[in-house]
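Here's the structure, in structure tokens; my notes come after.
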There are 2 protein chains.
Amino acid sequence: MPRKNLPLVSPPAPPAVEASVPLPPFEQGNHDKGRKTRGEGAIWRQIAAALRNPIQLGEWQPGARLPIELELAAHFRVNRHTVRRALADLARDGLIATTQGRGTFITTGEKVRYQLDGQDPISDAVWPGLTTLSSSLVRDRKVEAGLKMGALLGLPTIHGVHEIELRLTADDVPLALATIRLARDAFPRFLDVLRREGSLQKALASYGYDHFHPAKTTVAARQADDRECGLLKIKPPSLLTVVEAVANHVGPAGSVAPVFVLQTALCTTRVDLHVVHASPRP
Amino acid sequence: MPRKNLPLVSPPAPPAVEASVPLPPFEQGNHDKGRKTRGEGAIWRQIAAALRNPIQLGEWQPGARLPIELELAAHFRVNRHTVRRALADLARDGLIATTQGRGTFITTGEKVRYQLDGQDPISDAVWPGLTTLSSSLVRDRKVEAGLKMGALLGLPTIHGVHEIELRLTADDVPLALATIRLARDAFPRFLDVLRREGSLQKALASYGYDHFHPAKTTVAARQADDRECGLLKIKPPSLLTVVEAVANHVGPAGSVAPVFVLQTALCTTRVDLHVVHASPRP
DNA sequence: ACATATTTGTTCGTATGTATC
DNA sequence: GGATACATACGAACAAATATG
């Protein structure tokens, strides 16, 4: 049963490339006599650096398997914990991926492009070239707007909001989690409408909102929590790049009013964030 | 010798607030009999979650000190390693900061605003409201343009570029590292000129380049390496938000040509990144 | 389908190095 | 210099997920 190949992004599980990589030689600095830290810095940092080089130079094929931890420990003449510390460092940078029971593999560097174009925050153009993008509903909550959210949406202090989370996936590879928050008063039965219309854009249009413009866009980086890791099929500690935009509705007279807040948490190892600026002013 | 207070951003070394925080109660899930993992997930995750709550809710004062690791271990009835694993998780998120020999402290959440306004990538407006910003030269190298850099700058395959790195600091707190890369041919003795003029803007203007516009701006998140940690007075594993922009010079006839690449590595725990979009199209 | 081996994940214990007070 | 407290490293054991027969 051949698993289909993923054209755009690398799958969470690497393909069956099982060639083990040739390890770089390793001199343990000036090994005074026994062990412990030497002048060169911590041993696990030296090991991480020794492994980082051939990976970043592309000497090892993506999907290639590293020797098991005990072999690495024997090669570097250290305890298995020390190797694991170094591997954790590489995994944080997305250079390798470890799976319990399977092993440690070199990851690929291919990334999908996500674009902030300064226009409609939910238009399809934010994923240029990605034809297989699909979204699925993963959470739907009714919450009370906090101080911050109320201020962003221009709501009174106590106000109910929809909080709907979608997972964006291409070729079975999750790319991002998008959360939209909007006032329940203004969008009654929004979830039903969203299910019926099939896309945020159409659902909003059916309420009469058809032209948006982003304001107050912020970008932040943070770690994914356990829930997000499960949804995105990644493992902690993985990074997310979070783009939060307040969408103003643009009325016919040019009036603007905040309608919803869209928060997109991009899986950093799989997505590149691009900002497209307007043309220069004359 | 009273150390001066830092008005805008929190100092790397917390003030002398030594009130130890009251620890949350902790029930070890369903402790089968001895130890090892229980159904609730890894113990260090439970401890991290238990500590994360009061910090994120703001119940503990910024600068407050946590009990020492051995006390935490005794409180949670686990080994010191298990506590350290949980603390490392919080430190990655920037919630706490540990210093060898001193202790573990709650960090503050204040952040400085850095703004991508879609106009001149080196104008002072990208740090709105920050009056005490100063920059210092931390590195100057002459390198050969790689394939990627050559393509960005529109250079032939082999070409020398200046690579100049500045550290941006406000109130003795490092905020970011900015690296500018430009062709050596077009900017002879650039470093001397930069030193004489005192700012990138003035130095570039003295070569006749006075009006820029960003193109191909990308945003990425990654870990700071050891060198960057030293310059920014942070500790690994800390996150950087890297903004890379190609600056086009805008000529009198509206012609554009790439002149330099500016890469700004923002210290994620101290800086908020905002993207300002142009006005909506009519 | 099931048992077994392999491989990573977690925890405890112990010891020592090193920065800070 | 001494005490305190975090940083690093080793060893052992077991748990959990995966692969293999």
How many nanometers, to one decimal and shortest first, lie between the label point of A:ALA74 and those of its other copies, if labels sit 7 Å from Cα toward Cβ?
4.3
Explain nothing, just the number: dipole magnitude of the protein assembly as shown about its Cα centre with +1 on each Lys and Arg Cβ and -1 on each Asp and Glu Cβ, in debye rounded to the nearest 20.
1420
How big is the range A:142-279 by the Kirkwood estimate over distinct Cα pairs, in Å?
16.2
So how exposed is B:ILE158, as accessible area in Å² (1.4 Å probe, rounded to 10)?
140
In the range B:187-221, what residues drop by 30 Å² or more in accessible surface going from the chain by itself to the full protein assembly, probe 1.4 Å?
B:HIS213, B:THR217, B:THR218, B:VAL219, B:ALA221
Lys and Arg at +1, Asp and Glu at -1: add these up for the other residues within a Cβ distance under 10 Å of A:THR179 and post the number.
0
Taking the Cβ of A:ARG141 as the center, what net charge do the other residues with Cβ under 10 Å away carry, scoring Lys and Arg +1 and Asp and Glu -1?
0
To the nearest 10 degrees, how steep is helix A:80-92 against the longest Cα principal axis of chain A, on a 0 to 90 scale?
30
For the protein assembly as shown, what class follows from the C-alpha gyration tensor (a ≥ b ≥ c being the square roots of its eigenvalues): rounded when a/c is under 1.5, otherwise prolate if a/b is larger than b/c, else oblate?
rounded
Dividing the helical contributions, -39500 (n - 2.57) per DSSP H run of n ≥ 4, by the residues of chain A yields a 222 nm value, nearest 500 deg cm²/dmol, of -6500 deg cm²/dmol
Would you give the gap between the C-alpha center of the range B:225-264 and the C-alpha center of the range A:85-117, rounded to a whole Å?
24
Please give the net charge around B:VAL246, taking every other residue with its beta carbon less than 12 angstrom from that of B:VAL246, where Lys and Arg add +1 and Asp and Glu add -1.
+2
Would you please state which residues of the range A:121-159 a label at B:ASN53 would reach in this model, taking the label point 7 Å out along Cα→Cβ and a backbone N cut-off of under 11 Å?
none
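The values are calculated or read from the model by the stated rules, or taken from the named source; none is laboratory data. These numbers come from a predicted model, not from an experiment. FYI the Cβ positions are ideal-geometry reconstructions off the backbone, even for glycines, and counts take in every protein chain you see. When the accessible area is computed, the model is the full protein with side chains, heavy atoms only, and any ligands, DNA or RNA have been set aside. Shrake-Rupley method; radii C 1.70, N 1.55, O 1.52, S 1.80 Å.
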